[in-house]
Amino acid sequence: MLPLVELEVRHLRALCAIADTGSVRKAAVQLGMTQPSLTTQLRRIESTIGGLLFTRGQTGSRPTPLGHSVLSRARPIIAEMSALVTAAREAACGVGGLRLRIGSIGSRAVTGWLRRIHQRLPDTDTTIHIEVSSNTLLQLLATNQLDVAFVHEAAGFPLHVPAGVERRVLIAGEPRFVSLSAAHPAASRPLVRLAELAHDAWIVDPTADEEAAALRRVFTATGLDPRLVHVRDNTTAADLVASGEAVRPCQPTADPAPGTVIRPLAGDPLTAQLSLASRHGSLPLRELDALYGDLMASYVAAAEASATYRAWLDRNGSPLLPSVGSH
């Protein structure tokens, strides 16, 4: 019998690494360990806990019900420890007031947002963390790993907002457009109906919050049942769309990739709320107001740069971006 160990944060990190990678071998590489060393460590952890935490098979390592229970408690501990170390380092260096940690979904507005912040706060060390998942950004906020975050919430699928995190709405209902091949029969139309894309495969990112669920709900409501294709890599997704293999929902501010066009969907069946999130009391209200203003100005500039989005805003008489309607 292997000797018992007193569980430490490094042991919890090892368990999470195995769960996240689905493999003891891959987790060992990530942790900078040898596979035999990590295997031995895992066995000692399981001996201490008193049960198997992972099943091992040809498809890799998968958490057992006990493993899921342990992992659900381990992840908050790791997050809190990371937050503690970050806060301690800031206090030790005395740089807390000169550092701004920003999180954001991918968006054409991000570059302009950062540029405006750098111009307004030239002496502040500003960092950016980009995530596909808004729920992940909110967790990073809650554990003091970010100061503010630009997030989106698909209509009908509320985000999991941790206690102490607040949101200020930037755009209440941003439409989702569709990217399709320039050779697609619907590409010549200024407005595309879902029924025209019923026989196309739709690309979704499996790491994006509820993207697939939002699409399925819309399709079910309209009596359609297209095939969903899970693709994480943006380059591959763009190539598949350009070749006519699939279509893809996209932000209205997005630039069309070569060989593709971006079109609005009739009736705007897919929408999202865009918000600036922060922890209560983490930044002075004046600074939050300024960050919100920087982000809004950048979003307006991104909207103005898209002829397709400008046309949509003009048709809908959007009060959210009045400057766009003047073009």
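The values are calculated or read from the model by the stated rules, or taken from the named source; none is laboratory data. Every value quoted in this text rests on a predicted model; they were computed, and no experiment measured them. Here the Cβ is made from the backbone with ideal geometry for all residues, glycine too, and neighbour counts use every protein chain on show. Calculation scope for accessible area: heavy atoms of the full protein, side chains included, ligands and nucleic acids excluded. Shrake-Rupley method; radii C 1.70, N 1.55, O 1.52, S 1.80 Å.
Using a/c under 1.5 as the rounded threshold, could you call the chain rounded, prolate or oblate? The axes a ≥ b ≥ c are square roots of the C-alpha gyration tensor eigenvalues, and prolate needs a/b larger than b/c, oblate otherwise. Don't jump to the answer; show the numbers that get you there.
On the way: a/c = 2.50, a/b = 1.38, b/c = 1.81.
Oblate is the answer for the chain, as a/c is 1.5 or above yet b/c matches or exceeds a/b.
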- Query: Taking every eigenvalue of the Cα gyration tensor of segment 95-224, multiplying by 5 and rooting it, what semi-axes result, largest first, whole Å?
  - Reply: 35, 18, 11
- Debye intensity ratio in log₁₀ form over the Cα atoms of segment 174-327, taken at each q of 0.08, 0.12, 0.14, 0.17 Å⁻¹: -0.26, -0.58, -0.76, -1.04
- Note on the structure: Rounded to one decimal in nm, the spacing of the 7 Å Cα→Cβ label points at Asp314 and Leu98 is 4.9 nm
- Query: To the nearest 500 deg cm²/dmol, what mean residue ellipticity at 222 nm is calculated for the chain from DSSP H runs of n ≥ 4 alone, each contributing -39,500 (n - 2.57), summed and divided by the residues?
  - Reply: -13500 deg cm²/dmol
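Quick one: pull the percent of accessible area on the chain belonging to carbon and sulfur, 1.4 Å probe, ligands and nucleic acids left out. Walk me through the numbers on the way to the answer.
On the way: 8940 of 16530 Å².
Exposed carbon and sulfur together represent 54 percent of the surface.
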- Taking the Cα centre of the chain as origin and charging only Cβ (+1 Lys, Arg; -1 Asp, Glu), how large is the dipole, in debye to the nearest 20? 500 debye
- Item | Kyte-Doolittle at least -1.0, axis length at least 24 Å by Cα - qualifying DSSP helices, the chain | 65-93, 285-304
- Item | Pair Val9, Thr235: separation of 7 Å Cα→Cβ label points (nm) | 3.6 nm
- Task: Just check segment 108-179 against the gyration tensor rule for me: Cα atoms, a ≥ b ≥ c as the square roots of the eigenvalues, rounded for a/c under 1.5, and otherwise prolate or oblate depending on whether a/b exceeds b/c.
- Result: oblate
- Share of Cα-Cα pairs in segment 250-321 beyond 21 Å, in percent? 39 percent
- Per residue, the convex hull enclosing the Cα atoms of segment 160-264 spans a volume in Å³ of 121 Å³
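Compute the longest continuous run of the chain that contains no exposed GluC sites (Glu not before Pro); treat a site as exposed when its DSSP state is not H, G, I, E or B and it has at most 16 other Cβ atoms within 10 Å. Don't skip to the end; give the middle numbers.
Numbers: sites that count: Glu6, Glu8, Glu245.
In short, 9-244.
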- Please compute the net charge surrounding Ile45, taking Lys and Arg as +1 and Asp and Glu as -1 over other residues with Cβ under 12 Å from its Cβ. +1
- Between Ala201 and Ala83, what is the spin-label point distance in nm, taking each point 7 Å from the Cα along the Cα→C-beta axis? 4.2 nm
